[in-house]
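Worksheet: the structure to be examined is printed underneath.
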Amino acid sequence: MKRRHTIQRQALLDILSRGRIHPTADTLYEEVRSIIPSVSKGTVYRNLKVLEEMGLVNELQIEDKSHRYECQRGPHSHFHCERCGAVIDVEPSLDADLDSRFSALTGLSVSRHQLEFHGLCRDCQQQDNEKEETSE
């Protein structure tokens, strides 16, 4: 089924393609609303789902149960900071053959996977180091 190209979808794609942030639907709604004041939250949610169905956007389900979004850019992993909540792209994909090796071992057919690492981002590590230095 061919989907129409709408200004709402283009606004979402423009916002998502600007950087390597992984915003929530609510954050995207606020940003789209600054461009298209009349847009509803339902419209943003529906268009995110359509863009995902079209293969243009990925929905990430982060451990804290928040759904975040990114433009489809090919295989890569994510790092989730356990303190500040940042989601950072890890590139290049660490194991390009993971899907085929998994399929060979299990007999299951893999269409895609998400690999997510957890820990502290550089900024949070730096804050810890600064705290340690001042407490000494």
Next on the checklist: Accessible area of the range 36-109 with a 1.4 Å probe: how many percent of it is carbon plus sulfur?
Outcome noted: 55 percent
Next on the checklist: What number comes out for accessible area per residue over the chain if the probe is 1.4 Å? Units Å², please.
Outcome noted: 67 Å²
Checklist entry - What is the distance, in nm, between label points placed 7 Å from the Cα along the Cα-to-Cβ direction at VAL110 and at HIS5? => result 3.4 nm
Checklist entry - GLN61 versus VAL90, label points 7 Å from Cα toward the beta carbon: distance in nm? => result 2.0 nm
Item to check | Global size of the range 1-81 as Cα Rg and Dmax, reported in angstrom | outcome: 12.4, 39
Item to check | CD proxy at 222 nm, helix term only [per DSSP H run n ≥ 4: -39500 (n - 2.57); per residue of the chain; nearest 500] | outcome: -13000 deg cm²/dmol
Checklist outcome for this item: If one builds a Gaussian network model of the chain from Cα atoms under 10 Å apart, the most fluctuating residue listed among LEU108, LEU56, LEU120 is LEU108
Checklist outcome for this item: With Cα springs under 10 Å, the Gaussian network model of the chain assigns the largest mean-square fluctuation among LEU105, LEU28, LEU12 to LEU105
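The values are calculated or read from the model by the stated rules, or taken from the named source; none is laboratory data. All values reported here derive from a predicted model rather than from experimental measurement. Don't worry about glycine lacking a Cβ; one is built from the backbone with ideal geometry, like all the others, and counts go over all protein chains shown. Note: areas computed on protein heavy atoms with side chains; ligands, DNA, RNA excluded. Shrake-Rupley method; radii C 1.70, N 1.55, O 1.52, S 1.80 Å.
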